[in-house]
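So the structure is just underneath, and the comments pick up after that.
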Amino acid sequence: MSEASAVSVERLPSAVVIHVLSAELRKGEADAVCAAIDVEEAAAPALPFILDLSKVVFMNSMAMGTLIGLNTEFRTRGQQLIFASLQPNVHHSINASRMTRLMEIAPNLEAAKQSAAS
């Protein structure tokens, strides 16, 4: 999957939603997520970001490391990053690494949007 088709961006008044379109999140797709976030962050530096992972059923360790790095980056600058709609395998992997204590995770996109708006 090319970087251009790996993600789509939805700009809302209260948040920026990055939809990951691939079923597998590997280095190329994780790089596309980061590139999309960089572009949108320049345009909306104070808005919360929502990472919609509803289509992702597999995430390798490099991609997980990238998401953890993104989470750290957002926390450092005091900007909200919400991980939404995790599939069971992905949630299990993140939970097993104990990263769920450091990440804001919403059960679905609507809950993430509500959290971002509050």
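Throughout, read-outs are computed from the coordinates displayed, never taken from laboratory work. Just so it is clear, the model here is predicted, and its values are computed rather than measured. Glycine also receives a Cβ, built like all others from the backbone with ideal geometry; neighbour counts cover every protein chain displayed.
Sort 49-57, 81-89 by packing, meaning the average of other beta carbons within 10 Å per residue, with the highest value first.
On the way: 49-57: 21.0, 81-89: 19.1.
The most tightly packed comes first, giving 49-57, 81-89.
Among all helices in the chain defined by DSSP H, which have a length of 27 Å or more along the axis from Cα atoms plus a Kyte-Doolittle mean of at least 1.0?
Membrane-span-like by this rule: not one helix.
What's the magnitude of the charge dipole for the chain around its Cα centre, counting Lys and Arg as +1 and Asp and Glu as -1 at the beta-carbon? Answer in Debye, nearest 20.
Here the size comes out at about 360 debye.
Between S5 and H91, take the C-beta separation as r, use R0 = 25 Å, and let me know the FRET efficiency to the nearest 0.05.
That pair, S5 with H91, gives E of 0.50.
Any idea what the relative contact order of the stretch 19-99 is, in percent, if you count C-alpha pairs under 8 Å spaced at least 6 apart? List each step's numbers first, then the result.
Working: 88 pairs, mean separation 31.0, N = 81.
RCO, the stretch 19-99: 38 percent.
Compute the distance in nm between two label points, each set 7 Å from the Cα along the Cα-to-Cβ direction, one at E24 and one at A44.
The two pseudo-label positions are separated by 3.1 nm.
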